[in-house]
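Chemist: Have a look at this one before I ask anything.
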Amino acid sequence: MSHSQPTITTLIASNRARPTPNPTSAPSSPTTTAGPQELRIAGDELGKLIRASVEAFQRCDCWEEFVVTQRGVTSDLSNNVHRLDHPASQLLAHLRQHGAPVPMSTKPWTPEQLDKAISRGPHTSAKLNNGFI
């Protein structure tokens, strides 16, 4: 059985300057992409969340600002995790408060590498079940 969801059409402004990976060595001119793109968003609950995220992103000056606004200060770990009778309780409390470090072994991508990846688009497997999503 197929249920048709109403769709909402919105324009995504994709012509904002992308921040550079290393703020101390800014390029002479910001990298931009093509003009606004049309995005069709379903009118269901997921579509409403997507629309809210798109609008929140458009209010931000850069990706990093958007991430900070969306991340918030909440944690999936309980406020009382340090009270657990478990050898890892103090470690969990530390992770709850400070997060977990994620060391990277590769260098940050250059703007050229980012542009090429964006031009290629998502991997084919990302599109396999897009009807479900």
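Chemist: Within the range 64-80, which residues are of a type in the set (Val, Ile, Thr) and outside any helix (DSSP H, G or I)?
Modeler: Result: VAL73, THR74.
Chemist: Would you mention how many residues in the range 38-63 are assigned to a helix (DSSP H, G or I) and without any contact (Cβ under 8 Å) to a residue 60 or more places away in the chain?
Modeler: Qualifying residue count, the range 38-63: 15.
Chemist: Do we have SER75 as in contact with a Gly (Cβ under 9 Å, 6 or more places away or on another chain) and either at positive phi or of a type in the set (Gly, Ala, Ser) (or both) here?
Modeler: For SER75, the condition - in contact with a Gly (Cβ under 9 Å, 6 or more places away or on another chain) and either at positive phi or of a type in the set (Gly, Ala, Ser) (or both) - is met.
Chemist: Kindly list, by first and then second residue, each pair from a residue in the range 107-133 that is farther than 22 Å from ARG40 by Cβ and surrounded by 10 or more Cβ atoms within 10 Å (Cβ to Cβ) to a residue that is modelled with pLDDT of 90 or more and not aromatic (Phe, Trp, Tyr), limited to pairs with Cβ atoms under 8 Å and residues at least 6 apart or on different chains.
Modeler: Close Cβ pairs (under 8 Å, with a partner that is modelled with pLDDT of 90 or more and not aromatic (Phe, Trp, Tyr)) amount to TRP109/ALA117.
Chemist: In the range 81-106, what residues are in a loop (DSSP other than H, G, I, E, B), surrounded by 10 or more Cβ atoms within 10 Å (Cβ to Cβ) and not aliphatic (A, V, I, L, M)?
Modeler: Residues satisfying the conditions are HIS86, GLY99.
Chemist: Another question, if that's okay. So, of the residues in the range 71-80 that are over 20 Å from the mean Cα position of the chain (by Cα) and within 29 Å of SER53 (Cα to Cα), which turns out to be surrounded by the fewest Cβ atoms within 10 Å (Cβ to Cβ)?
Modeler: ASN79
The values are calculated or read from the model by the stated rules, or taken from the named source; none is laboratory data. All values reported here derive from a predicted model rather than from experimental measurement. Heads up, the Cβs are rebuilt from the backbone with ideal geometry, glycines too, and the neighbour counts pull from every protein chain shown.
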